[in-house]
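Report on the structure given below.
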There are 10 protein chains.
Amino acid sequence: MDVLTREDVTALIISAKKQAGLTWEGIAETIGMSPVWTHSAAMGMNAMPADKAAALVAALGLPQEAQGLLEDSPTKVWEQTVPTDPCIYRLYEIVGVYGPTIKALIHEKFGDGIMSAIDFDMQLTRVEHPKGDRVKIEMSGKYLGYNSW
Amino acid sequence: MDVLTREDVTALIISAKKQAGLTWEGIAETIGMSPVWTHSAAMGMNAMPADKAAALVAALGLPQEAQGLLEDSPTKVWEQTVPTDPCIYRLYEIVGVYGPTIKALIHEKFGDGIMSAIDFDMQLTRVEHPKGDRVKIEMSGKYLGYNSW
Amino acid sequence: MDVLTREDVTALIISAKKQAGLTWEGIAETIGMSPVWTHSAAMGMNAMPADKAAALVAALGLPQEAQGLLEDSPTKVWEQTVPTDPCIYRLYEIVGVYGPTIKALIHEKFGDGIMSAIDFDMQLTRVEHPKGDRVKIEMSGKYLGYNSW
Amino acid sequence: MDVLTREDVTALIISAKKQAGLTWEGIAETIGMSPVWTHSAAMGMNAMPADKAAALVAALGLPQEAQGLLEDSPTKVWEQTVPTDPCIYRLYEIVGVYGPTIKALIHEKFGDGIMSAIDFDMQLTRVEHPKGDRVKIEMSGKYLGYNSW
Amino acid sequence: MDVLTREDVTALIISAKKQAGLTWEGIAETIGMSPVWTHSAAMGMNAMPADKAAALVAALGLPQEAQGLLEDSPTKVWEQTVPTDPCIYRLYEIVGVYGPTIKALIHEKFGDGIMSAIDFDMQLTRVEHPKGDRVKIEMSGKYLGYNSW
Amino acid sequence: MDVLTREDVTALIISAKKQAGLTWEGIAETIGMSPVWTHSAAMGMNAMPADKAAALVAALGLPQEAQGLLEDSPTKVWEQTVPTDPCIYRLYEIVGVYGPTIKALIHEKFGDGIMSAIDFDMQLTRVEHPKGDRVKIEMSGKYLGYNSW
Amino acid sequence: MDVLTREDVTALIISAKKQAGLTWEGIAETIGMSPVWTHSAAMGMNAMPADKAAALVAALGLPQEAQGLLEDSPTKVWEQTVPTDPCIYRLYEIVGVYGPTIKALIHEKFGDGIMSAIDFDMQLTRVEHPKGDRVKIEMSGKYLGYNSW
Amino acid sequence: MDVLTREDVTALIISAKKQAGLTWEGIAETIGMSPVWTHSAAMGMNAMPADKAAALVAALGLPQEAQGLLEDSPTKVWEQTVPTDPCIYRLYEIVGVYGPTIKALIHEKFGDGIMSAIDFDMQLTRVEHPKGDRVKIEMSGKYLGYNSW
Amino acid sequence: MDVLTREDVTALIISAKKQAGLTWEGIAETIGMSPVWTHSAAMGMNAMPADKAAALVAALGLPQEAQGLLEDSPTKVWEQTVPTDPCIYRLYEIVGVYGPTIKALIHEKFGDGIMSAIDFDMQLTRVEHPKGDRVKIEMSGKYLGYNSW
Amino acid sequence: MDVLTREDVTALIISAKKQAGLTWEGIAETIGMSPVWTHSAAMGMNAMPADKAAALVAALGLPQEAQGLLEDSPTKVWEQTVPTDPCIYRLYEIVGVYGPTIKALIHEKFGDGIMSAIDFDMQLTRVEHPKGDRVKIEMSGKYLGYNSW
């Protein structure tokens, strides 16, 4: 490995996490961030602020050059227009079924605009339930209204 | 209009809502359901239980035949593999960017499985915020673990 | 025409504009908005504030019901993933060739984020040039930085 | 590395830029060109005139064979018909929403024709704004009218 | 037919041509243009100058409103990304097989640039040949060199 | 390199051409063929007759095994359904805009049939012009009439 | 039905065939052509010579204007890139599985070239077989060798 | 080469055939099968019975492990939905143009069903013809009628 | 309704079934066939034998012409390459996940071949289960072995 | 091989199975699971419980690290939207033809909902039949009813 790449860093993180028997929740707590953001930044879907990148490098014993790569703005790419993995497909299906509803309610409650996917955060929690526990996903994004000029 | 179709019912609902100056939130309250579910059922993306269909027909003054159509199981179709409307596209983008993260955290918290998109519900609320109000979306779906046999 | 649709309004605008011998620039001036925004709102790609919708209805002699439709939040749809019209394709080509460059320079000048396409405006002007006049397009969008949480 | 390829040159430029702590703006100034063009030529989306290629090779300490490759006419390829990176997607969305408007205004101001994407230049600047700074993109392309014969 | 559309004009031209037993070559001669351009403008793939539109309306006895529609800048749309008609597919195949060759020779003879498809003309002729007559297609487009700035 | 592949031969040709400072026109003259055919055969889009393959091997000092590979019938593959390179895209656009016109004129001048892309040849020349030199492309293909049986 | 279209003719043929209890084989015999060609011309996938069109019009009692439409060169369009009908899909599968084999054997027996799909004919027959009767399809197309020039 | 793969076997066959100056017809004769089947099995599009695999291994001097791989059931994959090679595309075009005709004639001669692509065989021969030799392809597949139950 | 089409018959069946309060199971029993086959034939995805078509026409009071249409071999078309309806998508997902497994086990138990989708039948039943009732689908198709020749 | 990957494990399983002359049925019996599930888990389409992974590692003599990889939740990916292999395509075809029927019967027997593809199992058996043995596939999935809220 002549030059450390972003893909190498991802692989090193996964391997170090496995060897140390850590969880994403545990890593997130160590660097003082949420599990959702920590995982997505570790996978190269978000850039890390310098202090968080340094904390992650320290926590997992990554090579020093990894820090700079963790701070870079990644080009976000997903190969599958329609995801095949059943767990991810269900989310795509929710967008297909409920997308127009979300749009209609944003318009009703805010006006003509959107929920930002940039000024955005998300939590995932496990909710106990007598008929079977449930996955709870909470998204929050800033409302952005369309301009007229 | 010889035969009332599901598309006719959707058009009649939108027109009646406009003329009466109603909101989805108001209609939902009238029939005792949530706004997300009410809108999606009105648009033909969910089937209505008989009592809710009857309540909607009464509330909006729809023709009597509309009730049966509202109770039918719809074939859920979305034409655009990647939605072009900016408000709906942002949701698609969130699935692309955070889909693998949601999958990883479900596995960490539950095991090998998915969040159901069938035994599922969702709320959308407006959250005040000094830097600009935010859209909050809460999804809850039953965890389903993969079988081995 | 039983019910006036958004498509009817677009057709009525184009027909009224042609009969009156107006230009988009002229119509825009009449309602006190820019030509880019005026055309896109007239075509159903942007919603009009109530006063602008009223002004357009008055200026072009549209039926009164048109105003409400002009104020509705449109679902923005384009059918062609890759546009075939040569004039529009050139813009697509510019995104393909210069998209990564725009991304790199936004990151260099602002940080990890994007240019908003919602809090956004655009002008198009003709610039005289001895070797052939040039089209000048100016876009301005708010910088939105990615969240970490 | 037996033969230096265009991809190698791109990688060497990025690596040299990082090690020297340079910016695209700084590199552009050194070779006397704009940042937009400099980045796109460095990435292999534009061919460099011989003197500019020589200047870049000198400025970044690239191997001598790199100059010839920087001068070659590249085959411009982008893999994603619809770009997934949010920063680049927003530009695609602008083409979808405002493409027909740009076409209509070119026709109104010039006649039946297009804005060239070949005899073309672009600038990107940061504009301060009390509600949040803005990205400004200025494109200029020669108007080309359709022939009749 | 309340409003004459561009599609109506195309249909009227085809029908008038058939009834009068005309050829595209004959029509082109009558209006003083080439057959290629005349057919493409009649089909709505090119806009006509006012005098040519008037000449066509006169020659084929079209309704007076047709002239304005023939002068409009058309939005050029083709539905099939890969054409299925064998006669048109062969042209697509030629682009696939010889496209890179045409690019290489343009670069060799002119420099880094393209052949314009806007400042462009084409002729089609029948060439007698002892082993079977041949179709000859001649295209001519202005060379446009890439800018650097 | 254990076994010389067709891709290796292409790379060797390009490299030898560069080192010797040759042009496609020059190479074509040396082997007594046209530049269009010579380039396309060198790139693996046409098979070479034995004497021409031998001449090319001699002219560029290629390894002896290259001759057999140059004589093989290649499987013609292009990856991009719609080419992104601007120079090649313009040709695709010409097929989209003028394809139906070429079809109509072939039918008018010959009958129900096509222009062959197999019994086919092409020339590309530079034509001087006071307003900017032009690219001239001449295609000639045998007319093939549909059978009835 | 103001103007008889090609689609109308197809529908009239199918309806007349049904009412008269005819078969494609019978119709083909009446007009003195093969069943394959007769069906494809009746469906608008081949143009008919004048005498055959006249014979078909007479045989089925079609309106007189149908003859001209049957003689027109059709634009051959199939909507499904991959056909879904099982009977037609099997043919597509055969091309996928055996296409490279057919290519290799044409090259071995003829040289570098193709089997024409224009100077082409086909027969379909039923062959009795003790383990179940078989469909026999015989295709014959002129070999066309690639040009070099 | 640690483990011999199916792709290795294909490459070894092609190389051995070239070195020995054999033809597919010759190899087919040696192993007592048809050229179409022999080529397709050699390319990994059909599995070989043990004795035929052994005969091929012996005839071409392949390594012993090749036999087992030649007997494996291959997963049949073709990458291009629409084949670009002109020789293979013509077959695809024939399916597009004549597919509905083949379906109609199978129904007329057999009933509601298909021609099997599994219980299937094919021959390719060269037929002399004064106007140019012709490629003859004969396919034979068992008729399978749809079940009702 | 001048001419009764296959689509009309489908609509009449659905409407008659609704008015009479019938189930598919009930209709199937009346005509002496299985519910799966009866529904698919009623929807135009299978042709009906004459006696079954007559029985269906009688049972539902369809117009007499419907019988002939029910007997026709339908062209089986599905518009969505990947079905969006959640109930149908789950079946597509099962093919994606378990397709290679089904192939491997068919090969292990039968040899190199496939399960026919033509000589095929299917049952769907409800199976009671303490943790929630289950859908049971049983498919049975004739094994077809690949030919060698 | 520095790090054992999931792909390595799949390859090792296939190789060990071949060398030991085992069948999927045999392996499944050894680890006490069904052949369908065993094959799909071995191919990386299902995660293995720890004891089953240990049993497989022991049975096939896999390296110890393989166990952890067999227990990981795989990301399920299939590359081909429409599978080309004839054996797998037939399953896709069954979904296209009978998907709407399965949906209709689920609704009739259960209500508005789906058959789960997660809480799911499948068997494949060989059924003897005088006209040719048949493949029997039995699927069983939990019925999941849509929520209303």
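The values are calculated or read from the model by the stated rules, or taken from the named source; none is laboratory data. Bear in mind that the values here come from a model prediction, so they are computed numbers and not experimental data. Quick reminder, even Gly has a Cβ in these numbers, built from the backbone with ideal geometry, and neighbours come from all protein chains shown. Please note that ligands, DNA and RNA were not included when accessible areas were found on the heavy atoms of the full protein model with its side chains. Shrake-Rupley method; radii C 1.70, N 1.55, O 1.52, S 1.80 Å.
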Solvent-accessible heavy-atom area per residue, rounded to whole Å², over chain D at 1.4 Å: 39
When chain E is treated as a GNM, springs tying every alpha-carbon pair under 10 Å, which of E:THR81, E:THR30, E:THR38 comes out with the largest mean-square fluctuation? E:THR81
For the full complex of protein chains and a 1.4 angstrom probe, list I:ASP8, H:ASP85 by accessible area with the highest value first. I:ASP8, H:ASP85
Taking GluC sites (Glu not before Pro) as candidate sites, keep only those in a DSSP loop with at most 14 other Cβ atoms within 10 Å, then name the longest stretch of chain H containing none of them. H:1-64
Keeping every protein chain in place, order F:HIS107, I:HIS39 by accessible area at 1.4 Å, biggest value first, i.e. largest first. F:HIS107, I:HIS39
Per the C-alpha gyration tensor (a ≥ b ≥ c, the square roots of its eigenvalues), region B:6-71 is rounded if a/c is under 1.5, else prolate if a/b beats b/c, else oblate; here it's rounded
I'd like to know which of B:SER34, B:ALA54, B:THR23 lies farthest towards the positive end of the charge dipole of region B:6-71, counting +1 on Cβ of Lys and Arg and -1 on Cβ of Asp and Glu. B:THR23
If I take R0 = 60 Å and measure r between the Cβ atoms of F:ASP133 and J:GLU128 in this structure, what FRET efficiency does the formula 1/(1 + (r/R0)^6) give, to the nearest 0.05? 0.15
Förster-model FRET efficiency, 60 Å R0, C:ARG6 and J:VAL82, C-beta, rounded to 0.05: 0.95
How much of the accessible area of region J:6-71, in percent, comes from carbon and sulfur atoms when a 1.4 Å probe is used? 56
So for chain A, if I pair up every lysine 8 or more residues apart or on another chain, how many of those pairs have alpha-carbons under 24 Å apart? 10
Counting only C-alpha contacts under 8 Å and six or more residues apart, can you give the relative contact order of chain H as a whole percent? 18
What is the average number of partner chain Cβ atoms found within 10 Å of a Cβ in E:45-55? 2
For region C:86-145, list log₁₀ I(q)/I(0) at each q in 0.12, 0.16, 0.24, 0.31 Å⁻¹, using the Debye formula over Cα point scatterers of equal strength and ignoring solvent, two decimals each. -0.40, -0.67, -1.12, -1.20
Could you work out the mean count of beta carbons from other protein chains within 10 Å of each residue's beta carbon in B:128-136? 6
Mind checking how much accessible area B and A bury in total, 1.4 Å probe, in Å² rounded to 100? 6700
Quick tally, 1.4 Å probe accessible area for J:LYS142, G:LYS18, sorted with the most first, runs G:LYS18, J:LYS142
What is the residue of chain A with the smallest Cβ distance to the axis taking A onto I, and what is that distance in whole Å? A:VAL82, 3
Given a 1.4 Å probe and the protein chains all in place, what does the accessible area of I:MET48 round to, in Å² to the nearest 10? 10
Note: A:25-32 gets an average of partner chain Cβ contacts (10 Å, Cβ to Cβ) equal to 1
Rh (Kirkwood; distinct C-alpha pairs) - the protein assembly as shown, Å: 35.6
I'd like to verify something in chain E: which complete DSSP H helices, judged by Cα projection on the helix axis, reach 30 Å or more and average at least 0.0 on the Kyte-Doolittle scale? E:86-109
What's the center-to-center distance, using Cα atoms, between region G:111-146 and region J:97-149 in Å? 41
Descending semi-axes in Å of chain C, equivalent ellipsoid built from Cα gyration tensor: 32, 21, 16
